[in-house]
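Every number here is computed from the coordinates shown, using simple stated rules; none is lab data. Not measured: the values here are computed from a predicted model. With ideal geometry, Cβ positions are generated from the backbone for all residues, glycine too; neighbour counts draw on all protein chains shown.
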Amino acid sequence: MENARGDHITIEVDALANELKNTMRTTNLTMSPQRCIFKVPNILERHNPKAYAPNAFSIGPYHYGEEHLQATQKIKLKYLHDLVFSFEDPDTVLRTLIGAISKVQQKARACYGDPFDHISAPEFVKILVLDGCFLIQLFRKNADEKLQKDDDPVFTVSCMSQLLGHDLILLENQIPWMVLELLYDIITRKLEDPSVKSLNSLVLGYCRHTSTIFGKFDAVIYPFLPGDRKSNKHILDLLRNSLVLPSSIKEKKSMVQEQTMPSATRLMEAGIRFNENTSQKSILDIEFERTDGVLKIPPLAIHEDTESLFRNLICLEQCLPNCTPVVTCYAILLDNLINTTEDVELLCKSGIIDNHLNVDDAARVFNQLYDDAYIKEFYYEDLITDVDEYCKHNWPRYRAVLMRDYFKHPWAVVSVVAATILLILTFLQTFFTIKK
């Protein structure tokens, strides 16, 4: 064999084959079907790296040990201390928690996209116990103010709510739901309190105050049976389930071409009206009433972390095997509707968007939100088809122009009515004059 310069090159086939076999034998090639917590792919992360990175708290192994997150390790230790020392025998409780997680540490490790070979089993267990107990105590304190003390480092500091609201919804900042359930079961059994809330209820109760994703809807809690393939995989997945499961979106069985919706202002010019939709149970339930030409969209608040939340939900749908891209489709549809600040202002005026950002920033939230994300099914295909067919008729457009140009202000209405009456009187006068 010769290279580009014409030099003769000898390749030792057997040696190269042995080298590849040794590499395959010594490399951990396991890809567990339980994988549900992933490193964000670079193709998605590059669009906004800050949207995927924790600001203050590391949860789980991905960001464990990072220098800028070390200050909050003390807070997690304090919460662990508060939790175990609320029992008569804290040493026994702590040993029980560590022992339980030690038995499932390999199963928990299999939930991650990376094997974390550099983290020993004891260190991995320590991460799960510390972070898991911190989260449980955080949710318990949020649900019961009596557990919040004067020296509490989270609930007495105003910025902590915003920091945690961002950090707890990151895909890379999760621990397996089964770990949280196991820890919580041990704690609740020792509490012996019959009125204790479910873990789902505690987590959603906290997220209801820190996340805007539920809009004006209550977070829906779904009890899952053991082994249910739709059961929660982690906190971010719980948020997604609370959106997707109560929604009325029908699952697509076949591959379709992604369709586009005109912007909100373009639709208004075509005669489409916008109304706030609060009759459904999820922000995903967007409806179109063909008889009236009304696009009914559930209200959505846009805050500083809205983009981060949607980016991480989209990333979860992209990485999780056999996950339906419903939230991704929702982001695509909103990106279609919102192109300019005029679109944002129109949707705000209609009660659909509750904007807490600069109008320009709000318009940018959904622009390029789903870049480099891939979908096989577009769940709003029928909706867009209905809107497109409605817009093809001329009367809705004429009606919109009439309302915009002649009935926009009360005095314009009076003028049109007066002109109509004058025209009728003139016609009658002419008619009777001719008749005479």
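Report the full-extension gain for the segment Glu342 to Met24: residue separation times 0.36 nm, less the Cα-Cα distance, to one decimal in nm.
Result for the pair: 108.8 nm of gain on full extension.
Distance between the C-alpha centers of segment 154-183 and segment 25-85? Whole Å please.
Rounded to whole Å, the Cα centres lie 11 Å apart.
On full extension of the chain, what length is gained from Asp150 through Arg208, given 0.36 nm per residue of separation minus the C-alpha to C-alpha distance?
Net length gain for the segment: 18.5 nm.
Pop a pseudo-label 7 angstrom from the Cα along the beta-carbon direction at both Gln162 and Met31 and give the gap in nm to one decimal.
Inter-label distance under the simple model: 4.1 nm.
Would you mind classifying segment 289-328 by shape? Square roots of the alpha carbon gyration tensor eigenvalues, ordered a ≥ b ≥ c; an a/c under 1.5 is rounded, otherwise it is prolate if a/b is larger than b/c and oblate if not.
Working: a/c = 5.80, a/b = 1.56, b/c = 3.72.
Oblate, because a/c is 1.5 or more while a/b does not exceed b/c.
How much net charge surrounds Leu347 when only the other residues with a Cβ under 11 Å from the Cβ of Leu347 are counted, with Lys and Arg +1 and Asp and Glu -1?
That works out to -4.
How would you classify segment 72-167 from its alpha-carbon gyration tensor, with a ≥ b ≥ c the square roots of the eigenvalues: rounded for a/c under 1.5, else prolate if a/b is greater than b/c, otherwise oblate?
Note, shape of segment 72-167 comes out oblate.
Roughly how many nanometres apart are two label points built 7 Å out from the Cα toward the Cβ at Ser86 and Arg290?
Simple spin-label model gives 5.5 nm for this pair.
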